[in-house]
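Values in this text are rule-based calculations from the coordinates and carry no lab data. Computed from a predicted structure; not experimentally measured. Quick reminder, even Gly has a Cβ in these numbers, built from the backbone with ideal geometry, and neighbours come from all protein chains shown.
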Number of protein chains: 4
Amino acid sequence: MIVVMDAGATEENVQQVIDKLVLAGFSVHRSTGAVHTVLGGVGPTETIDPAEFEVMEGVKECFRIMSPYKLANRSFRPQGTVVEFANGLRVGGNEIVIMAGPWCVESEEQIERCAEMVARDGAKVLRAGAFTLTSSPYSAPAGVGEDALRMLRKAADRHSLLVISEVMDAAEIALMEPYVDLLQVGARNMENFNLLRALGASKRPVLLKRGIAATVEELLLSAEYILSGGNYNVILCERGIRTFEGYTRHTMDISSIPVVKKLSHLPIIADPSHGTGRRDKVLPMARAAVAAGADGLLVEVHPDPDHALGDGAQSLKPEQFTELMKQLRGIASAVGRTI
Amino acid sequence: MIVVMDAGATEENVQQVIDKLVLAGFSVHRSTGAVHTVLGGVGPTETIDPAEFEVMEGVKECFRIMSPYKLANRSFRPQGTVVEFANGLRVGGNEIVIMAGPWCVESEEQIERCAEMVARDGAKVLRAGAFTLTSSPYSAPAGVGEDALRMLRKAADRHSLLVISEVMDAAEIALMEPYVDLLQVGARNMENFNLLRALGASKRPVLLKRGIAATVEELLLSAEYILSGGNYNVILCERGIRTFEGYTRHTMDISSIPVVKKLSHLPIIADPSHGTGRRDKVLPMARAAVAAGADGLLVEVHPDPDHALGDGAQSLKPEQFTELMKQLRGIASAVGRTI
Amino acid sequence: MIVVMDAGATEENVQQVIDKLVLAGFSVHRSTGAVHTVLGGVGPTETIDPAEFEVMEGVKECFRIMSPYKLANRSFRPQGTVVEFANGLRVGGNEIVIMAGPWCVESEEQIERCAEMVARDGAKVLRAGAFTLTSSPYSAPAGVGEDALRMLRKAADRHSLLVISEVMDAAEIALMEPYVDLLQVGARNMENFNLLRALGASKRPVLLKRGIAATVEELLLSAEYILSGGNYNVILCERGIRTFEGYTRHTMDISSIPVVKKLSHLPIIADPSHGTGRRDKVLPMARAAVAAGADGLLVEVHPDPDHALGDGAQSLKPEQFTELMKQLRGIASAVGRTI
Amino acid sequence: MIVVMDAGATEENVQQVIDKLVLAGFSVHRSTGAVHTVLGGVGPTETIDPAEFEVMEGVKECFRIMSPYKLANRSFRPQGTVVEFANGLRVGGNEIVIMAGPWCVESEEQIERCAEMVARDGAKVLRAGAFTLTSSPYSAPAGVGEDALRMLRKAADRHSLLVISEVMDAAEIALMEPYVDLLQVGARNMENFNLLRALGASKRPVLLKRGIAATVEELLLSAEYILSGGNYNVILCERGIRTFEGYTRHTMDISSIPVVKKLSHLPIIADPSHGTGRRDKVLPMARAAVAAGADGLLVEVHPDPDHALGDGAQSLKPEQFTELMKQLRGIASAVGRTI
């Protein structure tokens, strides 16, 4: 923690800051400059809000030196984390892992067709929602709970795929664990701390999506919640942030991929379907994410998007997914990886 | 729903859009212009995503004409909603209602001191958290559950105040209802649709905070979730949005106050404590919100902010709160209202 | 300048940073902590980009301790700047100064009617453009150059008003100085450094508008350009920033008013016309700005906005301006000021 | 132009809107729905501001149907524009064109070393500033005017490169034209309409950078300024927008590349140096831009970035540029293009 005093700060102002730092458990180093007095504090930085010092009389600015996350920090595992599944699939290694499927399970036949289709083109994980709600109270709720999970598992197993599905409430975790290999936390729940704590105690790996208003630091702080509960198998996911540009639903922050790689050891994938909201932008943004270093992709595909129960506008048609996989193989090879 | 076709759209493209509109239950009116063909659809607009049409071949743009919310729309109750409590307090009428108190209940003595202080200066509602979690997994959890609620209620009753407290999970509602007059939904939960649905069935009025990345339309859509469940006593709250300006934690969007007044009949208050994150900005922004037409304020006050368990940097000191109330009375009178 | 080294930085990394700091003219203080080595540099901070250190091997973060602006800093004139005009009008003192008028000079008669109208209601400065261009190449250019300036001056003089008008190019300054009391720099030119340098040499006070993507720090840095040229009579102006909220054209950042008051000694006014883009939002936002501490307002008014040459949607009608001035007097008095 | 009336609009309100549309030169089509009356207007949409209708009594919303740009619209040249230079180089065709060089010309020797280096690795255009100013008034101005242009030209010619350099003022165009093949408009000048008009009359192709707060539509409207002056050789450039994420200086909006490809016929390249501000993010973002469909790149390279006069933090080292070109060749081939 570094506290920079105003040019006009009095000795009393300085002393009050020192007292507050000491009280909070810091040891303080004072350095008096020509213009500013600077106080450096060594101590429990993670639990202190710099704003508490910034509102004190005579304080100009306050910086945190240690990152507020520790277990998610690159320095904790400089070699990088590889999340490994029972069937040997590894996320965060050399292989770029494609997770694909429809917005939600609609029927046994629909999810079987999806599984067949994505497996044939090279995806390794089947995605589909089982409990999803939408932002309009007048839209029909999607998915049919445990029945949907059962169909999802069956379809995935038939095609040797793993299963990823979204968990929206801590109360659903126990129900989902037997059916799901990777528990997905949606962007809206990135700061649902009750849910994150509960996932810290799960044996299942977690896919944590970045909130649309979250900085990379806040994403890592949410990951820290899960890691600090003992669950080290966390995969991050970029899916677009909110900006003033309204042509695309969100703006995919492709640069967050190399930024996460520098700050953290956790794998990061991208979701170009939610990141753009429009089918015709999914292919270029999927290629961009892989070119920038993503460890995988989460893509919405539907055998007949025009009649999908939801997210139809952003779901790829089967032939588009086939084309995408072909393009991605070329990009992966250009960056020294495989699919 | 209005669908504008590309300059180069074929007759087949146009027909496909018409077919999709009809299938979705719309009656369609076609108008062929010099450059663009325009299709107007009358039908179930609320449940349709314009993006579904925008990805179709030959479509330039698609606009929704009806707002996606109905019950929250100004035209539903042009005279405006006044939320009335058992003790006769009215939010949304001529009186500007001040809700104040600490971040969380720390002890019987602390909450009693807060209640005494805010009641003396003219606040009508006591605020404090009972279950709050912070964004760092290493900070101590705050509040002590039902015990905290009991202390809060007792302190409020002693000073004839109502109680507002945050509910973070649908499972907590039943526990809170006996103690709390106004259930607060925090910014992070504005799109927690499970929670919103459950609150639609509650008998208690709800204070719904705007999410930091939510447009005003999305705020009204979240309100619609509660209203459509049968609970019409919803008060909205502006508390800052995320922008590129980093000096304040968030940027309070004061203009959302007159915008909500135009689009909706629901009362709207402002939270300058969370909106700025810094004690020295609370007074000017509180004045600005009232000058712009807010129906009330939610303010953090603490008898000793330097030793508060949380949010100390944004909590007013007692003498600042006294000064604030004095200034607000002048502003209220200038806009023809009372406090 | 403070450079924080990575946890894993080598001694060689540290030495390279020290060498670069010394080369740049800094004297360096090293402090070795349990986890991070921290280097404090005292020297020519304003001319150094922290990013230059952040890309070095082993560096975690780099902070600038001194603000990059000096003359615009509050500590340079703690008592605050009052810009005083020849007729005795003072901006930055106790009086809140209203500047009002049409988007541009349309005719001798129109500007005379505007001057009469705004003077009668209590404005002290007449605003109107003489050279304005719009964002569409197909709109007619507005204003008629020097003739417009002459009409503007004449109308203002007849009603004892001062004149403010926008300068868009350094080449226009000499032409405008004889007619204009306050040279306005538009939001789009906030970082037109050629123009700022030229205004630093002018004898006329300057009104500098915040760019729609500019932080407060960048606004002050642009002011510094003018101040460092010897022109100390600079007034700042908040007029909205670009955010994801699309209902209003921009989002007025009312909190920038108290922020500027803390960081700088320069007066700050607000422009609710450009800040909202819609007539019906001008009154509430004008009141909010004054309640938050603005030293004045810049407002568009037109005798017949429906037939204005431009900005009609955001121009007040005469009776609205009269009502606004009445409301503002009440607010001003509530915050201890006059109009 | 489509104007949607409020549910409660009176017949008089409707008539006033119709009158205003007719007066503005529109022919009007009225359609009365169950809830809303909708007015469709065919006429001079480009010169009308929808906000003018939105502030009228009884109006709910107003949409522009025609894009405000015509010449920049994809439908104007569906086959796409290829900008062709005298030496045969084509931008917008199958070849991805790399433009590289230092921030500014420092000396004859420096620019010669740069030219040699970038030509050897496969760049086709040499970039360097000759007149650049920085955002701090205390930084030394860079470049030495015409002398710099002469050195730049000479170095480029020696290595068969074209020259791109930034023009900051209409007054500089004539001076630059003899030395420069491609005139660059910086992000800060994207809405400097005087400059855009002057470039419309130039014989030189123009590279137009997107402003950090500009939507894609506004970028195309600025291009329209140049096109409407008769200069059809415009290349667009994405270089990052301002968002709440502060880790990178700006957020590169990679999705703008496919969006521009859909909306316009103009070529678009990307500037990962300014887009990220940090050398270590340039490689991944350059790869991402090419993978997403960019027609070229503008990259800062310096033989010795640690001693560059400016932008050192974002300039690649020579060996990094070599590595980048190698990676880009793989990506280009994966998307069916060449470098």
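Worth pointing out:
- If the chain linking A:Lys70 and A:Glu109 were pulled fully straight, counting 0.36 nm for each residue of separation and taking away their Cα-Cα distance, it would gain 9.5 nm.
- Kirkwood hydrodynamic radius (C-alpha pairs) into Stokes-Einstein, the stretch C:219-330, 37 °C and 0.692 mPa s, D in µm²/s: 221 µm²/s
- Shielding by partners for peptide C:261-268, expressed as the average number of C-beta atoms from other protein chains within 10 Å of each residue's C-beta, is 1.
- Chain C: most fluctuating residue of C:Asp280, C:Asp147, C:Asp19 per GNM, C-alpha cutoff 10 Å: C:Asp19
- Candidates D:Glu106, D:Glu218, D:Glu57: whichever shows maximal mean-square fluctuation once chain D is modelled as a Gaussian network with Cα springs under 10 Å: D:Glu57
- Contour excess over end-to-end distance, with Cα ends at A:Glu116 and A:Lys262 and 0.36 nm allotted per residue: 48.9 nm
- Evaluated with a Cβ-only charge set (Lys, Arg +1; Asp, Glu -1), the stretch D:204-338 carries a dipole of roughly 280 debye about its Cα centre, given to the nearest 20.
- Near the amide H of A:Leu297, within less than 5 Å, lie the amide hydrogens of A:Val97, A:Ile98, A:Met99, A:Ala270, all on another chain or at least 5 residues away, with H placed in the peptide plane.
- Of the beta bridges in the protein assembly as shown, as assigned by DSSP with both residues counted there, near 40 percent are antiparallel.
- 3J(HN,Hα) along the stretch C:252-261: 5, 8, 4, 5, 5, 5, x, 5, 4, 4 Hz, from the Karplus curve 6.51 cos²θ - 1.76 cosθ + 1.60 with θ = phi - 60°, whole Hz, x for Gly and Pro.
- Axis proximity, chain D to C: residue whose C-beta lies nearest, plus whole-Å distance: D:Ala213, 2
- Rounded to the nearest 10 degrees, the angle from helix D:279-291 to the longest Cα principal axis of chain D is 60 degrees.
- Pairwise centroid distance, computed over Cα atoms, of the stretch D:72-88 with the stretch B:40-75, Å: 35 Å
- For chain C: rounded, prolate or oblate by the Cα gyration tensor [a/c cutoff 1.5]: prolate
- Listed residues C:Pro50, C:Pro272, C:Pro68, most fluctuating in chain C (Gaussian network, C-alpha, under 10 Å): C:Pro50
- With the label put 7 angstrom out from Cα along the Cα-to-Cβ vector, A:Asn87 ends up 5.4, 6.1, 8.1 nm from the copy partners, going from closest to farthest.
- In degrees, nearest ten, helix D:11-23 long axis to first principal axis of chain D (Cα): 50 degrees
- What separates the Cα centres of the stretch A:272-339 and the stretch A:229-245 is a distance of 18 Å.
- At R0 = 30 Å, FRET efficiency that the Cβ-Cβ distance of A:Gln15 and A:Thr47 yields, to 0.05: 0.85
- 12 Å cut-off, amide nitrogen to a point 7 angstrom out along B:Ala86 Cα→Cβ, residues in the stretch B:167-193: B:177-182
- Taking the label point 7 Å along Cα→Cβ, B:Ser160 and its counterparts in the other copies are spaced 5.1, 7.7, 9.2 nm apart, in ascending order.
- Comment: the Cα-to-Cβ extended label point of C:Glu323, at 7 Å, lies 3.4, 5.6, 6.5 nm from its counterparts in the other copies, nearest first.
- 20 Å cut-off, amide nitrogen to a point 7 angstrom out along C:Leu23 Cα→Cβ, residues in the stretch D:265-291: D:278-280
- Interchain or long-range residues, amide H under 5 Å from C:Leu236's placed H: C:Leu208, C:Ile268, C:Ile269
- Counting only DSSP beta bridges with both residues in chain D, the antiparallel share comes to about 40 percent.
- Integer Hz, Karplus 6.51/-1.76/1.60 couplings in order for the stretch C:230-240, x for Gly and Pro: x, 9, 8, 8, 10, 10, 8, 8, 7, 9, x
- Between 0 and 90°, nearest 10: helix A:146-158 axis offset from chain A longest Cα axis: 70 degrees
- Its Cα centre serving as origin, the stretch B:35-82 has a Cβ charge dipole (Lys and Arg +1, Asp and Glu -1) of approximately 440 debye.
- Computed 3J(HN,Hα) for the stretch A:201-207, one whole-Hz value per residue from the Karplus formula 6.51 cos²θ - 1.76 cosθ + 1.60 where θ = phi - 60°, is 9, 7, 8, 8, x, 10, 9, glycine and proline marked x.
- Cα-based shape type of the stretch B:130-283, given that a ≥ b ≥ c are square roots of the gyration tensor eigenvalues and the cut on a/c is 1.5: oblate
- Two numbers describe the Cα atoms of the stretch A:1-129: Rg and Dmax, which are 26.2, 76 Å.
- In this structure, the pairs whose alpha-carbon distance is over 19 Å, taken from A:Lys203/A:Lys262; D:Lys20/D:Lys60; A:Lys281/D:Lys262; B:Lys70/B:Lys262; A:Lys60/B:Lys281, are A:Lys203/A:Lys262.
- Normalised Debye scattering of the protein assembly as shown at q = 0.09 Å⁻¹ gives log10 I(q)/I(0) of -1.36, counting only Cα atoms as equal scatterers and leaving out solvent.
- Compactness of the stretch D:172-218, taken as the C-alpha radius of gyration over 2.2 N^0.38 Å, stands at 1.16.
- Summed side-chain charge close to D:Ile96 - residues other than D:Ile96 whose Cβ falls under 13 Å, Lys, Arg +1, Asp, Glu -1: +3
- Around the amide H of A:Leu316, modelled in the peptide plane, lie the amide H atoms of A:Glu300, A:Val301, A:His302, all under 5 Å away and 5 or more residues distant in sequence or on another chain.
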